[in-house]
Every structure is written in structure tokens, then in C-alpha cells.
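Single-structure report; data block below.
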């Protein structure tokens, strides 16, 4: 969005302040399952769940976990039909809408969280997954590039389902790397603490107010 604004007006003064994420306050030693998790709106055009299903179909016989899809939305029936059409319906589970502590526990229990989005505005699920200590595999699109650093997950060429499948499979079988990425992720997301975000937002307001005051006084 910043780049689009600057493209429209090269004189625009744009400051980006990200969303925050709440401390999940997870219980210690939550057991990690073998499941690969998607969390978000069940909508294909933006969220790319069809791409995730295609990728999972490539590796379903090589992993012992299921693809767990959490969330609700208008495309659930289409997603179920697509999964059945490519022969993986029996390996796809739907958890429905999850919120609050249940959401963070689900993310913490995942082996890997996958964000197959075609586009996003921020990628809050990626940040929530990292806050829960679980690495993220996603497509290399601008907003997710900003919230999935290399030591916290894997970014693959946009919309390449073969590479997405390879990255998920590689991480799925490497528990030591998963735990290391989980530690790095929890450290990385400290910058998204709501108190820190509030301070950054306040600084923007103060700077704008000073600028407006200077213009108003003729200085």
C-alpha cells in the first residue's frame, strides 16, 4: 500500500505502522501434532486455499499429519469439492471458526502453518503463528515477506505449488529446525507487541501535529 501511494504521488510522506498481536499466554509444553494448519477465511480467490490443497496432494502420502483448515467463509463447499476431486478429502479436516486462546493453542500445536495467499494487506495469521512458536511457510509476496524472515519460516516463489509442497515437507520432518524457528519467531514478534505499536502510532501523530503547527504559524 505504501508503494502504491508513492507511485501515485512521489511527494507523499508515508509511515507504515503495522498491526499488533496479543501475547498468546500459552500453557507450557503444549504438545505439537503432525498436522499442517491453515487458519483464515475460507475464500479461494485471495487466500489461495486451492493452491494449498494442490500442494498438500503432492506430499500427503509422505506425511503422517492431516491438513487442518480452521476458519469459516463462503467457499467451504467449493474447498471440500476441490479436495475430493484431487483425492485428499479423507486427509483434510475442518475445525470451523476458532478464536482467542483456542486459536493460539491450535497454532502452537501445528507442525507447520501455511499461508497460501495470493495477496494480503498485512498477514496477521503469520505473526500469530510465530507468536505461538510455529514456523510459517508462505508464498513470497510483499506483505508476507515483511513478516516471515528466513529464520522463522520459508518463503517460496509466488503460487508455485510444487515449491510450496517441498518447503512444507522439508520442515515437517525436521523437528529440531521447527523448534529453533519457533524460538526465533517468538523473538521476532516482540516488535508487534501492542504497547510498542501504540508508541509508534503516537510518534506519527506527534510528528504530524508538529508539522501542521509549523504550517499554520507560517514557519
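The values are calculated or read from the model by the stated rules, or taken from the named source; none is laboratory data. Not measured: the values here are computed from a predicted model. Here the Cβ is made from the backbone with ideal geometry for all residues, glycine too, and neighbour counts use every protein chain on show.
A few notes on this one:
- Scanning the stretch 1-30 for residues that are within 21 Å of the chain's Cα centre (by Cα) and free of Cβ contacts under 8 Å to residues at least 24 places away in the same chain yields 2, 16.
- Checking each residue in the stretch 73-90 for being in a helix (DSSP H, G or I) and surrounded by fewer than 18 Cβ atoms within 10 Å (Cβ to Cβ) picks out 76, 77, 78, 80, 81, 84, 85, 89, 90.
- Scanning the stretch 128-148 for residues that are more than 19 Å from residue 50 (Cα to Cα) and touching a strand residue (DSSP E or B) at 6+ places or on another chain (Cβ under 9 Å) gives 128, 129, 130, 132, 134, 135, 145, 147, 148.
- Failed criterion for residue 117 (all others in (1) touching a strand residue (DSSP E or B) at 6+ places or on another chain (Cβ under 8 Å); (2) touching a residue at least 40 places away in the same chain (Cβ under 8 Å); (3) assigned to a helix (DSSP H, G or I) hold): (3)
- Answer residue from the stretch 37-64, given it is buried (at least 19 other Cβ atoms within 10 Å of the Cβ) and in a loop (DSSP other than H, G, I, E, B) and is nearest to the chain's Cα centre (by Cα) among those: 40
- Each residue in the stretch 176-219 was checked for being more than 18 Å from the chain's Cα centre (by Cα), at pLDDT below 95 and within 30 Å of residue 113 (Cβ to Cβ), and 7 pass.
- The test for being modelled with pLDDT of 95 or more, assigned to a loop (DSSP other than H, G, I, E, B) and either surrounded by 15 or more Cβ atoms within 10 Å (Cβ to Cβ) or more than 18 Å from the chain's Cα centre (by Cα) (or both) holds for residue 33.
- Comparison of 168, 147 shows that the only residue that is in contact with a helix residue (DSSP H, G or I) (Cβ under 9 Å, 6 or more places away or on another chain), surrounded by 16 or more Cβ atoms within 10 Å (Cβ to Cβ) and not in a helix (DSSP H, G or I) is 147.
- Taken together, the criteria exclude residue 101 from residues that are surrounded by fewer than 14 Cβ atoms within 10 Å (Cβ to Cβ) and closer than 18 Å to residue 44 by Cβ.
- Condition met for residue 70 (touching a residue at least 12 places away in the same chain (Cβ under 8 Å), more than 18 Å from residue 107 (Cα to Cα) and either surrounded by fewer than 13 Cβ atoms within 10 Å (Cβ to Cβ) or in contact with a helix residue (DSSP H, G or I) (Cβ under 9 Å, 6 or more places away or on another chain) (or both)): no
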